[in-house]
1. Apply the a/c threshold of 1.5 to the C-alpha gyration tensor of the range 89-142 and tell me whether it is rounded, prolate or oblate.
2. Taking neighbour Cβ counts within 10 Å as the exposure measure, how do 70, 173 sort from fewest upward?
3. Compute the length gained on full extension between residue 89 and residue 227: take 0.36 nm times their separation in residues and subtract their Cα-Cα distance, giving the result in nm to one decimal.
4. Tell me, Kirkwood radius of the range 53-173 from alpha-carbon pair distances, in Å?
5. Mind checking the full-extension length gain between residue 117 and residue 67? Use 0.36 nm per residue of separation minus the Cα-Cα distance, one decimal, nm.
6. Let's see if you can work this out: charge +1 on each Lys and Arg Cβ, -1 on each Asp and Glu Cβ, no other charges. What is the dipole magnitude of the range 53-173 about its Cα centre, in debye to the nearest 20?
7. Want the number for residue 53 to residue 234: 0.36 nm per residue separation, take away the alpha-carbon distance, what's left?
8. When Lys and Arg each count +1 and Asp and Glu each count -1, what net charge do the other residues less than 12 Å away from residue 170, Cβ to Cβ, add up to?
Amino acid sequence: MKNINSTLIALFFILTGNFALADIEAITINGKSVLLKNNNTWQYIEIKQADARYAHLYVVNKQGGDNYCRLGFKLKNGLADKITSIVFRFSAHNHEDVLYDTVTKGFLHLKPTNEGFKEVTFSGMSCEEIKYIRVHGADRCEIGELTKHSAEKGECLKLVQVEANDKFVIFKRYNDEPIEPEAPETTEAETVMESNLQKEYESWKSRQETTEAETTMESDLQKEYESWKSRQETN
């Protein structure tokens, strides 16, 4: 099972690109929490039983058209404290890793075990054009003893677990800065292919030059023959 999880986590890095300056929490298919580090390594997050309480964020439905994508989000309060308010930012990135749209939505007055529902609509792009969604912000929450004045950056988001789904790649990220796509590196195979194509082109060019030289020689010989034949007829 660990090998399967390692493969899925590697695929996650490939799908979402190289995230600079921030670590990411993700959930494997068997429900384990992992920390994806900014150096492309990962580790399981050990959760003490007493601390294993989260507010769970789910993607529950998807609806879209040519110029919009609407997602339904459910937040279930699994904490021991009431969620008075928490405001998330949902950022949609396209398949070129470009941040296309960000929508802000908040959940209010959720007692423990209660659920809240919000719709998030990304405008100007279809659902198929979205590569992944990152959940960030939530820094000025009011949960239990945390208030918008006392909560430190990332402290509110740590109380939320973004659940895996079959609709989108979605994860939480503590840094609000947009993810900058990196230029793809040229692989060894591509370098070899480029070298082979260059050699093939030079060989073709050499053959073309040879053909032109042969054509010139043939023309000169034809002229010389016709000149000789003309002299023969004159004599």
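Please treat every number below as a calculation from the coordinates, not as lab data. Please read these numbers as outputs of a predicted model, since none were measured by experiment. Cβ atoms come from the backbone with ideal geometry, glycine included; neighbour counts cover every protein chain shown.
1. Here the range 89-142 falls in the prolate category.
2. 70, 173
3. Numbers: separation 138, 0.36 × 138 = 49.68 nm, distance 8.87 nm.
Additional length available on full extension: 40.8 nm.
4. About 14.6 Å, per the Kirkwood formula over Cα pairs.
5. Full-extension gain reported as 15.7 nm.
6. Working: 19 positive and 16 negative charges, 76 e Å.
Once rounded to the nearest 20, the dipole reads 360 debye.
7. My answer for the length gained is 53.9 nm.
8. The answer is +3.
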